[in-house]
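Enquirer: One structure, pasted below without further comment.
The values are calculated or read from the model by the stated rules, or taken from the named source; none is laboratory data. Everything numeric here is computed off the predicted structure, so don't read it as measured data. Positions of Cβ are backbone-derived with ideal geometry, glycine not excepted, and every protein chain shown enters the neighbour counts. Remember, those area values only see protein heavy atoms, side chains included, never the ligands or the DNA or RNA. Shrake-Rupley method; radii C 1.70, N 1.55, O 1.52, S 1.80 Å.
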Amino acid sequence: MSSPWNLPNMLSLSRVFLVPLILVFLTLRGQFGAVDGLNIGDMIAGIVFIIASLTDAADGYIARKRNIVTNLGKFIDPLADKILVIAVLTALVELHRFPAWMLVVIIGREFIVSGLRMVAASEGVVIAASKGGKLKTVTQIVGIIMLLFNIPGAMLVMSVAVLLTVWSGVDYVVKSSDLLC
């Protein structure tokens, strides 16, 4: 088995460490002023969020291309994704730019799917990420970027992301229902 301190895992860990930086720029946004009506703190938070999101695509691509799979990677990659999305959406709720009920739906789905994966693992079954789950993640990331940059239509994209969140969660439950008996 590969060393846990490989490039894909380091990219996943970097995502976790970028979250506080994003939150600092969002929460101290009033300290930075604005350019052409866009808050500089929001812009920096948005740029760092994009970089963090790109590490998600890069770590998976590199791990598959180099056939580097570790237990740390299996653990940290999905955890880093959840920390990134939930932390930024929580800050956006605090800034009154995202409704709390949508965040609760997103977090609820993550708890349900993580719980299903734990039950499956205890039975020696691996539940891989579904296409619906991947589409949900991409839509959430696009919507969050739009929210950070105050791009019109952001809430429409996030509404689609919430629908995909529910749909992919139901899909996981239905496909794993035999594990719950």
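Enquirer: I'd like the full set of residues that are free of Cβ contacts under 8 Å to residues at least 40 places away in the same chain, of a type in the set (S, T, N, Q) and closer than 25 Å to A128 by Cα, limited to segment 27-85.
Expert: Answer for segment 27-85, where residues must be free of Cβ contacts under 8 Å to residues at least 40 places away in the same chain, of a type in the set (S, T, N, Q) and closer than 25 Å to A128 by Cα: just N67.
Enquirer: For segment 68-79, state whether one or more residues are more than 19 Å from the chain's Cα centre (by Cα), among the hydroxyl-bearing types (S, T, Y) and open to solvent by less than 50 Å² (accessible area, probe 1.4 Å).
Expert: Among the residues of segment 68-79, at least one is more than 19 Å from the chain's Cα centre (by Cα), among the hydroxyl-bearing types (S, T, Y) and open to solvent by less than 50 Å² (accessible area, probe 1.4 Å), which makes the answer yes.
Enquirer: Also, I was wondering about something else. When segment 135-145 is examined, which residues are found to be buried (at least 18 other Cβ atoms within 10 Å of the Cβ) and either free of Cβ contacts under 8 Å to residues at least 12 places away in the same chain or in contact with an Asp or Glu (Cβ under 7 Å, 6 or more places away or on another chain) (or both)?
Expert: Taking segment 135-145 and keeping what is buried (at least 18 other Cβ atoms within 10 Å of the Cβ), we get 136-137, 139-141, 143-145.
Within segment 135-145, T137 is the sole residue that qualifies.
Enquirer: Only residues that are touching a Pro at 6+ places or on another chain (Cβ under 9 Å) and surrounded by 16 or more Cβ atoms within 10 Å (Cβ to Cβ): list them for segment 114-134, please. Lay out the reasoning, then the answer.
Expert: Taking segment 114-134 and keeping what is touching a Pro at 6+ places or on another chain (Cβ under 9 Å), we get 114, 117, 129.
Passing the criteria: R117, A129.
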